[in-house]
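Chemist: After the structure tokens below, expect a handful of questions from me.
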Amino acid sequence: MNSLISFAIVLGLLIFVHEFGHFVWAKFFGVRVLKFSLGFGPKLISKQYGETEYLISAFPLGGYVKMFGESPSELAEEKLSPSELKRSFATRPVWQRFIIVAGGPVFNLIFAMFLFFLIVFVAGLPQPVDTTTIGGVGQESPAIEAGLQAGDTIIAIDGKETRLWEDVSQLIKNSEGREVVITTRRGDETLEIAVTPRMETTKNIFGEVVGERYMVGIARTEEVVYEKVGFVKSLQAGVSQTWSWMYLTVLGLVKIIQKVVPASELGGPILIAKIAGERMEAGWVNFIYFMGVLSVNLGILNLLPIPILDGGHLVFFSVEAILRKPLNLRTMEILQQIGLVLLGSLMIFVFYNDLVRVFG
């Protein structure tokens, strides 16, 4: 139940923000908005305010803003006055249509920036605490074989004092594989434990081998303290975090295409619901941070040049601006059908991955 509630909050907010981005710019440029829907399919709740019908629909995995005259073919079927034509999406200048469509993904990125800003402004800027306390010991590692445990604090290696984790890392790295004596504090006891480092490969966050070094199989604790900062530093942190996650999202997509990251790592709604529930249980900071990361992902993925996504439409508008005329209607229809097949296939695939995780 916790996962479902968390999922509804996260997805509902992110879809609303995305569609609101389209809605705001459409209204700003005078385009008539017929429908604003959270979800697809049959409507569950609807209310008409002014010229726009606001809906909550049956399938919550998305939403849409229906604008008047989204394609020239719609306008051709009706006899419209000049004032009515002016309020249609298709008759707006290409740069206005570009901004309206880009508004959704951009609002997701701005929303992520706001969430990261909010965390830092309210909770403070997280600063790692540099200690020599062991946070984890790898299975079948030299450390676990020698008897080192999580919670041990390393105070010296071969008699050389260690104050920072970098001291521990460098002394083990420079051992060149010879046995070292690690002096640790465990509760009220001081222990001397002999360990023989082993040459291991080092990997980046995508699992790529980036080098090798002598290691014993221990990891530092992930302690952080929150430093109170003002509005400007909080805003800088929000921008910085958003940019970092944008970069990692794009890089992650490249690594999937390069087959560095296996496609089985892709997740869908079930995985999102699971993680959202875990983050909510971990506290509001974790939950909001996860929502911010997901908002960046949603913004970047919608900018991909796949015809049925916002990014595909932006490509159409860019081509139109260069050629000074829209693409052939039949060509756009074929490309959008291809995009629909690609997107549908991807959704089936991530659902399959989710089911494998649950039942595998």
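Chemist: Restricting the search to the stretch 162-210, which residues are surrounded by 14 or more Cβ atoms within 10 Å (Cβ to Cβ), out of contact with any strand residue (DSSP E or B) (no Cβ under 7 Å at 6 or more places or on another chain) and within 30 Å of Glu265 (Cα to Cα)?
Modeler: Phe206
Chemist: So, in the stretch 218-228, exactly how many residues are at pLDDT below 90 and assigned to a loop (DSSP other than H, G, I, E, B)?
Modeler: So the answer is 3.
Chemist: Please give the number of the condition Val261 fails out of (1) in contact (Cβ under 8 Å) with a residue 12 or more places away in the chain; (2) part of a helix (DSSP H, G or I); (3) among the β-branched types (Val, Ile, Thr).
Modeler: Among (1) in contact (Cβ under 8 Å) with a residue 12 or more places away in the chain; (2) part of a helix (DSSP H, G or I); (3) among the β-branched types (Val, Ile, Thr), the lone unmet condition for Val261 is (2).
Chemist: Restricting attention to the stretch 104-148, and to residues there that are in a loop (DSSP other than H, G, I, E, B) and under 27 Å from the mean Cα position of the chain (by Cα), which single residue is surrounded by the fewest Cβ atoms within 10 Å (Cβ to Cβ)?
Modeler: Going through the qualifying residues, I end up with Val129.
Chemist: What is the residue count in the stretch 204-253 for residues that are in contact with a helix residue (DSSP H, G or I) (Cβ under 6 Å, 6 or more places away or on another chain) and under 24 Å from Thr153 (Cβ atoms)?
Modeler: Final tally of qualifying residues: 7.
Chemist: Testing Glu192 on (1) in a loop (DSSP other than H, G, I, E, B); (2) more than 24 Å from Tyr289 (Cα to Cα), one condition comes back false. Which one is that?
Modeler: (1)
The values are calculated or read from the model by the stated rules, or taken from the named source; none is laboratory data. It should be emphasised that the depicted structure is a prediction, and the values quoted were computed from it without experimental measurement. Please note: Cβ atoms are built from the backbone with ideal geometry, for glycine as well, and neighbour counts cover all protein chains shown.
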